[in-house]
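Colleague: This is the structure I want to talk about, given as structure tokens.
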Amino acid sequence: MSNGIAINLENKFAFNEDSVLIYTTHGCKVILQGDVDDGDNHYFIILEFFDVISVRSAATDCTPAFNIDSKKVGVSFVAELTNSQWDDEAHLSYTYTGTKKITNRKHFVVTNHDVFHEVLGKSFVEQKISRTSKDYQNIRLIYLYAKAQIL
């Protein structure tokens, strides 16, 4: 029995390249590079997560989403860990004693070659930011500011 499911993305990200996690009290986003062969078609993928209470990351290829794969070969995906207790643990750790749990969150994992990001939230959406997008230069600067490398 699997410990999670693969949620396929519409766009493919460059698995061997860096990713950037941005988490504030106002939101949570993961920036990934699109998987392209030439610089003219370069794009980013933004995964925006909603109602996030906690995140964690590690620079290792030992992802908690190990052995979770998409049924479609060659697609990029976000893993959802279905046997995780992180939501209950976070509620106990990050709320006042006696606070009722009214929101159920999912344990998402975004895995790259040498880093993974775990996000505890309700849902996420995917957005493709191509070179012609008005947000492209801002996303590129955030990505570079985080010392990520552009392929």
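Colleague: Ignoring ligands, DNA and RNA, how do Glu80, Glu10, Glu48 rank by accessible area with a 1.4 Å probe, largest first?
Modeller: Numbers: Glu80 30, Glu10 170, Glu48 65 Å².
Sorted descending by solvent-accessible area, the residues read Glu10, Glu48, Glu80.
Colleague: What is the packing order of peptides 132-144, 116-128, 95-107, taking the mean over residues of other C-beta atoms within 10 Å and listing the highest first?
Modeller: With the highest mean Cβ count within 10 Å placed first, the list reads 116-128, 132-144, 95-107.
Colleague: Run the numbers on the chain and let me know its relative contact order in percent, using alpha-carbon pairs under 8 Å that are six or more apart. Before the final figure, lay out the partial values.
Modeller: On the way: 299 pairs, mean separation 49.7, N = 151.
Relative contact order comes out at 33 percent.
Colleague: Take the alpha carbon gyration tensor of the chain, find the square roots of its eigenvalues, order them as a ≥ b ≥ c, and report rounded if a/c is under 1.5; if not, report prolate when a/b exceeds b/c, else oblate.
Modeller: Prolate.
Colleague: Excluding ligands and nucleic acids, what accessible area in Å² is computed for Ser84 using a 1.4 Å probe, to the nearest 10?
Modeller: 40 Å²
Colleague: Under a straight-distance cross-link criterion of Cα-Cα below 18 Å, which aspartates and glutamates are reachable from Lys12, leaving out those fewer than 8 residues away in the same chain?
Modeller: Asp35, Asp37, Asp38, Asp40, Glu48, Asp69, Glu80, Asp114, Glu126
Colleague: What's the center-to-center distance, using Cα atoms, between segment 49-83 and segment 100-131 in Å?
Modeller: So the separation of the two Cα centres works out to 8 Å.
Colleague: Could you tally the net charge around Ala79, taking each other residue with its Cβ under 11 Å from the Cβ of Ala79, Lys/Arg +1 and Asp/Glu -1?
Modeller: With Lys, Arg at +1 and Asp, Glu at -1, the net is -2.
Colleague: Moving on to the next point. Do any of Lys72/Lys122; Lys106/Lys128; Lys72/Lys134 go past 30 Å between their Cα atoms, and which? Write out the running numbers ahead of the final one.
Modeller: On the way: Lys72/Lys122 24 Å; Lys106/Lys128 23 Å; Lys72/Lys134 32 Å.
Flagged as over cut-off: Lys72/Lys134.
The values are calculated or read from the model by the stated rules, or taken from the named source; none is laboratory data. If you're wondering where the values come from, they're calculated on a predicted model, not measured in any experiment. Here the Cβ is made from the backbone with ideal geometry for all residues, glycine too, and neighbour counts use every protein chain on show. Note: accessible area is taken over every heavy atom of the protein model, side chains too, but ligands, DNA and RNA are not part of it. Shrake-Rupley method; radii C 1.70, N 1.55, O 1.52, S 1.80 Å.
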